[in-house]
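Chemist: Dropping a structure here in C-alpha cells format, bear with me for questions.
The values are calculated or read from the model by the stated rules, or taken from the named source; none is laboratory data. What you are looking at is a predicted structure, and each value in this text was computed from that prediction instead of being measured. A quick note on method: Cβ atoms are made from the backbone with ideal geometry, for glycine too, and the neighbour counts reach across all protein chains shown. Accessible surface areas use protein heavy atoms only, side chains included; no ligands, DNA or RNA. Shrake-Rupley method; radii C 1.70, N 1.55, O 1.52, S 1.80 Å.
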Amino acid sequence: MIAACRRAGAHFSITTGMNPSIKRAVLAIPAEAWQQITYPTAVPDPETGELISDAEVAEIPAYTAFTSRKKSEQVTARLIVRRVRDLAKPAVIGEQGELFPVWRYHPFFTDNPALAHLPSGHFHANAAWLTLWAMTYNLLRATGALCQAPGFVESRLAGFLQ
C-alpha cells in the first residue's frame, strides 16, 4: 500500500503493531520527548471501561520500516506513538506504590507532514476509518479504470436507452 501511495504521489498513514523493531524504537524515545495531551472529553478505556482523558505522544521523525527488504523497498518516514497508562494493571501492590508506570502504545507510520489527528480518540475506530478510506479509494480507482475501458460507457448507455 505504501509503495502504491508513493507511486501516486499521495501521503500515507498506517497503524502498526508493536513488532520488535518498533518496540526497540519506542523504548529508545527519551522521557523528555513525550508530550502530555488531554482529551476534551474522556473516553472509556477499552480494557477496563474506566474513563481516561490523558495520554502522551512522541515522534520519531526518521524511522525506517521494512529493513529486512532491499534498500529500494525500505521506507523512511515519521513514526508517531501515543501512549496511555494501562489502567488494567493495578498501580498499588500491597503498601508499595507503582515503581514504573505500565503503558499501552499505539504507533502509526506516516509521511504526511501536517497530520494533526485522526477523526476519533479510539485507536480501533481510527484503524477502521483508515481501512474504509483505503477501500473507498480503491473502489473509486477501479470504477475509474472500468469507465475508461473501450466501449464500457457506450454499452451501459445502450442498455439504459433500450
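Chemist: For the stretch 61-99, give me each residue that is more than 24 Å from Gly49 (Cβ to Cβ) and modelled with pLDDT under 85.
Modeler: Once the filter is applied, which keeps residues that are more than 24 Å from Gly49 (Cβ to Cβ) and modelled with pLDDT under 85, the stretch 61-99 yields Gly94, Glu95, Gln96, Leu99.
Chemist: Another question, if that's okay. For the stretch 24-35, indicate whether the set of residues that are free of Cβ contacts under 8 Å to residues at least 24 places away in the same chain, open to solvent by 80 Å² or more (accessible area, probe 1.4 Å) and under 30 Å from Met135 (Cβ atoms) is non-empty.
Modeler: no
Chemist: Which numbered condition trips up Met135, out of (1) closer than 24 Å to Tyr63 by Cβ; (2) modelled with pLDDT of 65 or more; (3) surrounded by 10 or more Cβ atoms within 10 Å (Cβ to Cβ)?
Modeler: (1)
Chemist: Applying the selection to the stretch 67-88, what residues are without any contact (Cβ under 8 Å) to a residue 24 or more places away in the chain, in a loop (DSSP other than H, G, I, E, B) and open to solvent by 80 Å² or more (accessible area, probe 1.4 Å)?
Modeler: Matches in the stretch 67-88: Ser68, Arg69, Lys70.
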